[in-house]
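Taking it in order: structure first as structure tokens, then the write-up.
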Amino acid sequence: MLIGLDCAEPSLVLERWRAELPTLSGLMERGRYGRLRSVVPPITVPAWSCMMASRTPGDLGIYGFRNRADHSYDGLFVADGSAVHAPRLWDLATRYGKPSIVLGVPGTYPPRPLNGVLVSCFLTPSLESRYTYPPQLAHEIDQVVGEYLFDCDDFRTEDKDDLLRQVYEMTDRRFRLAEHLLDTRPWQLFAMVEIGLDRMHHGFWKDLDPEHRRHDPSSGYGNAILDYLRHLDGLISRLLERAGDETTVLVVSDHGARRMEGGIRLNEWLRREGFLRTLAEPNGVSSLRDAGVDWSGTTAWGEGGYYGRVFLNVQGREPQGTVPPGELDGVLKELSGRLEALPGPDGEPLGTRVYRPEDLYEEVNGVAPDLLVFFGDLAWRAVGTVGGGDGVYTYENDTGPDDANHAQDGLLIMAGPGIEPGAVETMDLLDVAPTVLELLGLEPLPSMRGRSLL
């Protein structure tokens, strides 16, 4: 039984609030637990698919929600399940005749056939889409929980009461469905992911953290994340009642969370440093698309998000490339050095980390960013806008209010027959799938990057 809590932060669950969470604390007392090192980048897409397949983002060719489909300037696509070609845990269970229940795992829309049942993830466009396997399961879901909710309508909102209502409603319906499926379907592998905790962190971290620049001790939401975790803990206990004594339970997260200090306007920095040229001076703050790019005078451009992606405009690769292939390495070194040296708004060192895909992954598929940039080691998000008089630093998110960024470490709690109890310093997200396969009596694939934790 694998229960995924998207964005569960180990410092809160394993340490600060452990005594507040009796179900999870009980699993820790009789099992193994610790931080789970995520992939780079530690983003919901692709991290859950990496976990379930034990393959890196480079193997999958998926580097975030939005990826370049080709080397054109506007060929971005959202990486849903159709982009995942590596077999995941339930595919391998199916191969060996073992039934699975799969519920809400990111990267499962559109659904594919398996031995068992599957309800797709938050990337599902609507209930009008085919979101279950088998298809007729959708009618049963409607009878059991009413309108099934894949995600919140908008978690980047100032209406915090409505966000709370949405998160609790979504979570309760998903767990009610989980109980129904456990009661009515055969299974040897149960895998579900609840995304509500991620939405709570992004929506309420400033209320939790007195050091957050937007912290308001009188907001009334100071316990919102703790209260939700207590609620989750109770819901998880109901799932454990449906797991027999021979069942191993894993509670996992794909990444953690941390305070977001602000944003670095990546494209505006590239523009000011002479790497990016717009067709004209932007009229106030605008997107790069609205401003227009003079590709003939552009060396590099970027995409914003929880981490920054930098793409070079390479001759013979991009339509109007300017960087000779022989100079590519030198330009990347220069860009990396200057980005890592970029200070904070008060001149303080940011501790930015810059990665090259070929240094991260043994195999690099798809169209990878030339550089992956973790501003302030993920304390600052990357913002894609240009223009305006605000400079390179911003405290307004270009996609709406957001209090938290992702942190590199998620968590893993594992309890069951033969699992020796105790804290483990660090485990790796890619080790989850080989561990589950061993528990199911199956051999991991030779292509898997991780190893069993047993």
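Rule-based calculations on the coordinates, nothing more; no lab input. Because the structure is predicted, anything quoted here is derived from the model rather than measured. Neighbour counts run over all protein chains shown; Cβ positions are idealised from the backbone, glycine included.
What is the ratio of the Cα radius of gyration of segment 16-90 to 2.2 N^0.38 Å, with N the residue count, to two decimals? Walk me through the intermediate numbers first.
Numbers: Rg = 16.9 Å, N = 75, 2.2 N^0.38 = 11.3 Å.
So the Cα radius of gyration is 1.49 times the expected 2.2 N^0.38 Å.
Per residue of the chain, what 222 nm ellipticity follows from adding -39500 (n - 2.57) for every DSSP H run with n ≥ 4, rounded to the nearest 500?
Values: 13 runs with 130 residues, N = 454.
Only helices count here, giving -8500 deg cm²/dmol.
Using alpha-carbon positions, what is the distance between the centroids of segment 213-268 and segment 109-157, in Å?
Taking the Cα centre of each part, segment 213-268 and segment 109-157 sit 22 Å apart.
Relative contact order for segment 27-127: what is it in percent, counting Cα pairs under 8 Å that are at least 6 residues apart?
Working: 140 pairs, mean separation 20.3, N = 101.
Worked out over segment 27-127, it gives 20 percent.
Determine, from the Cβ-Cβ distance of residue 66 and residue 29 and an R0 of 45 Å, the FRET efficiency 1/(1 + (r/R0)^6), rounded to the nearest 0.05.
Details: r = 42 Å, r/R0 = 0.93.
Plugging the Cβ-Cβ distance into 1/(1 + (r/R0)^6) gives 0.60.
Residue farthest toward the positive end of the dipole of the chain, with Cβ of Lys/Arg at +1 and Asp/Glu at -1: which of 12, 332, 394?
Looking along the dipole axis, the top candidate is 332.
Roughly how big is segment 23-176's charge dipole about its Cα centre, with Cβ charges of +1 (Lys, Arg) and -1 (Asp, Glu), in debye to the nearest 20?
Numbers: 18 positive and 19 negative charges, 210 e Å.
The calculated dipole for segment 23-176 is roughly 1000 debye.
Where in segment 238-254 is the amide nitrogen less than 19 Å from a point lying 7 Å along the Cα-to-Cβ axis of residue 179?
238-244
Please express the Cα-Cα pair-distance distribution P(r) of segment 6-137 as a list of whole percents, one per 10 Å bin, running from 0 to the bin with the greatest distance.
In order of increasing distance, the bins hold 11, 32, 33, 20, 3, 0 percent.
Among 71, 164, 296, whose Cα sits farthest toward the positive end of the charge dipole of the chain (+1 at Cβ of Lys/Arg, -1 at Cβ of Asp/Glu, about the Cα centre)?
71
Among 266-278, 133-145, how do they line up from the highest to the lowest mean number of other beta-carbon atoms within 10 Å?
On the way: 266-278: 21.2, 133-145: 14.1.
Highest-to-lowest ranking by the protection proxy: 266-278, 133-145.
Report, by chain and number, residues whose modeled amide H sits under 5 Å from the one on residue 209, excluding near sequence neighbours (fewer than 5 apart, same chain).
Excluding prolines and chain starts, which carry no amide H, there are no hits.
Can you give me the orientation-averaged projected area of the convex hull built on the Cα atoms of segment 326-389, in nm²? Don't jump to the answer; show the numbers that get you there.
Working: hull surface 24.0 nm².
So the mean shadow area of the Cα hull is 6.0 nm².
Determine the sum of side-chain charges near residue 350: Lys and Arg each +1, Asp and Glu each -1, restricted to other residues whose C-beta is under 12 angstrom from that of residue 350.
Summing Lys and Arg as +1 and Asp and Glu as -1 gives -4.
If you count, for each residue, the other Cβ atoms within 10 Å and average over each peptide, how do 7-17, 188-198 line up from highest to lowest? The partial results should precede the final answer.
Details: 7-17: 20.3, 188-198: 24.1.
Peptide ranking by packing, descending: 188-198, 7-17.
As I understand it, the value is the acute angle between the Cα axis of helix 224-240 and the longest principal axis of the Cα atoms of the chain; what does it come to in degrees, rounded to 10?
Value to nearest ten degrees: 40.
Ranked from highest to lowest mean number of other Cβ atoms within 10 Å per residue, what is the order of the peptides 424-432, 305-313? Display every interim value, and only then the final one.
Numbers: 424-432: 18.8, 305-313: 23.8.
So the peptides 424-432, 305-313, ranked by packing, come out 305-313, 424-432.
Relative to the longest principal axis of the chain, what angle (0 to 90°, nearest 10) does the C-alpha long axis of helix 328-341 take?
Result, in degrees: 80.
Find out how many positive minus negative residues lie around residue 193, taking Lys and Arg as positive, Asp and Glu as negative, among other residues whose Cβ is under 12 Å from that of residue 193.
Numbers: positive: 174; negative: 6, 151, 194, 198, 254.
Residues close to residue 193 contribute a combined charge of -4.
Any idea which of 379, 232, 133 is furthest toward the positive side of the dipole for the chain, if Lys and Arg beta-carbons carry +1 and Asp and Glu beta-carbons -1?
133
Residues of segment 258-278 with the amide nitrogen closer than 16 Å to a label point 7 Å from the Cα of residue 74, along Cα-to-Cβ, please.
none
Using 0.36 nm per residue of separation minus the Cα-Cα distance, give me the extension gain between residue 243 and residue 426 in nm, one decimal. Intermediate results must be reported in sequence, preceding the final value.
Working: separation 183, 0.36 × 183 = 65.88 nm, distance 2.67 nm.
Working it through step by step, the gained length comes to 63.2 nm.
Hey, with R₀ at 30 Å, roughly what FRET efficiency would residue 296 and residue 360 work out to, going by the Cβ-Cβ distance, to 0.05? Mind dumping the intermediate values first?
Details: r = 31 Å, r/R0 = 1.04.
My answer for the efficiency is 0.45.
Which lysines, if any, have their Cα less than 16 Å from the Cα of residue 333, not counting same-chain residues under 8 positions apart?
none
Only Lys, Arg, Asp and Glu count, each charged at its Cβ (+1, +1, -1, -1), so figure out the dipole size of the chain about its Cα centre, rounded to 20 debye.
Dipole size: approximately 780 debye.
Which lysines have a Cα less than 24 Å from the Cα of residue 160, not counting those fewer than 8 places away in the same chain?
Cross-link targets: 206.
Magnitude of the Cβ-charge dipole of segment 3-89, K/R +1 and D/E -1, about the Cα centre, nearest 20 debye? Let's see the in-between values first.
On the way: 10 positive and 9 negative charges, 66 e Å.
Roughly 320 debye, rounded to the nearest 20.
If you average the sequence gap of Cα pairs under 8 Å that are 6 or more apart and divide by the length of segment 154-273, what percent do you get for the contact order? Display every interim value, and only then the final one.
On the way: 71 pairs, mean separation 28.8, N = 120.
Dividing the mean separation by the residue count of segment 154-273 yields 24 percent.
How big is the C-alpha Rg of segment 293-356 next to the rule-of-thumb value 2.2 N^0.38 Å, as a ratio? Write out the running numbers ahead of the final one.
Details: Rg = 13.3 Å, N = 64, 2.2 N^0.38 = 10.7 Å.
With N residues counted in segment 293-356, Rg over 2.2 N^0.38 Å equals 1.25.
Quick one: length gained pulling residue 287 to residue 128 fully straight, 0.36 nm per residue minus the C-alpha distance?
Values: separation 159, 0.36 × 159 = 57.24 nm, distance 3.19 nm.
In short, 54.1 nm is gained.
Suppose R0 equals 25 Å. What FRET efficiency, 1/(1 + (r/R0)^6) with r the Cβ-Cβ distance, do residue 142 and residue 162 give to the nearest 0.05? Working shown, then result.
Values: r = 24 Å, r/R0 = 0.94.
My answer for the efficiency is 0.60.
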